[in-house]
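Only one structure is covered here, and it is reproduced in the block below.
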Amino acid sequence: MANVTLLVSKSCAACPSAKSLWKGMRVKYSFSYREIEISSEAGMELAERHSIRATPATLINGRLIFIGVPPRESAEKALQAKAKPKPKKDETDE
């Protein structure tokens, strides 16, 4: 399962749009999602590690993928490349 982390700021005008985009994508795709405030300890550490200087910033599986609000199509392509499809209830591999 893909892990999406959205780095946000309270003063960011674009962050609500990014939050809405990623929360809406959870209807169609299975991935874990969390939001981190850039001014928090965890947010500052992520920003430093990935040289992030603007929000919103999206990390997928620990890699910086987008700065700003990505177009929905680009977000879907990134998820499809990283996420495994949801298994059907009656499929078994064992």
Roughly what angle does helix 72-82 make with the longest principal axis of the chain, taking Cα atoms, 0 to 90 degrees, to the nearest 10? 60 degrees
What is the sum of charges, Lys and Arg at +1 and Asp and Glu at -1, for the other residues whose Cβ falls under 14 Å from the Cβ of L64? +2
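Using a 1.4 Å probe, what is the accessible area per residue for the chain, in Å²?
Value for the chain: 66 Å² per residue.
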Helix 15-25 against the longest principal axis of the chain: what's the angle in degrees, Cα atoms only, rounded to the nearest 10? 0 degrees
Carbon plus sulfur, as percent of the 1.4 Å-probe accessible area of segment 1-82, comes to 50 percent
If the convex hull is drawn through the Cα atoms of the chain, its volume per residue in Å³: 104 Å³
Which angle between 0 and 90 degrees, to the nearest 10, do you get for helix 41-50 versus the longest principal axis of the chain when only C-alpha atoms count? 80 degrees
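Counting only helical runs of four or more DSSP H residues, what would the 222 nm mean residue ellipticity of the chain come to if each run contributes -39,500 (n - 2.57) and the total is spread over all its residues?
It comes out at -10000 deg cm²/dmol, rounded to the nearest 500.
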Going Cα to Cα from K82, which lysines come in below 22 Å? Please leave out same-chain ones fewer than 8 positions away. K19, K23, K28
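Please report the antiparallel percentage of the DSSP beta bridges confined to the chain, to the nearest 5.
On the way: 8 of 15 bridges.
Here the share of antiparallel DSSP bridges comes out near 55 percent.
The values are calculated or read from the model by the stated rules, or taken from the named source; none is laboratory data. Please read all numbers here as calculations on a predicted model, not as lab measurements. Using ideal geometry, Cβ is built from the backbone for each residue, glycine included, and neighbour counts are taken over all protein chains shown. Only protein heavy atoms, including side chains, enter the accessible area calculation; ligands, DNA and RNA are left aside. Shrake-Rupley method; radii C 1.70, N 1.55, O 1.52, S 1.80 Å.
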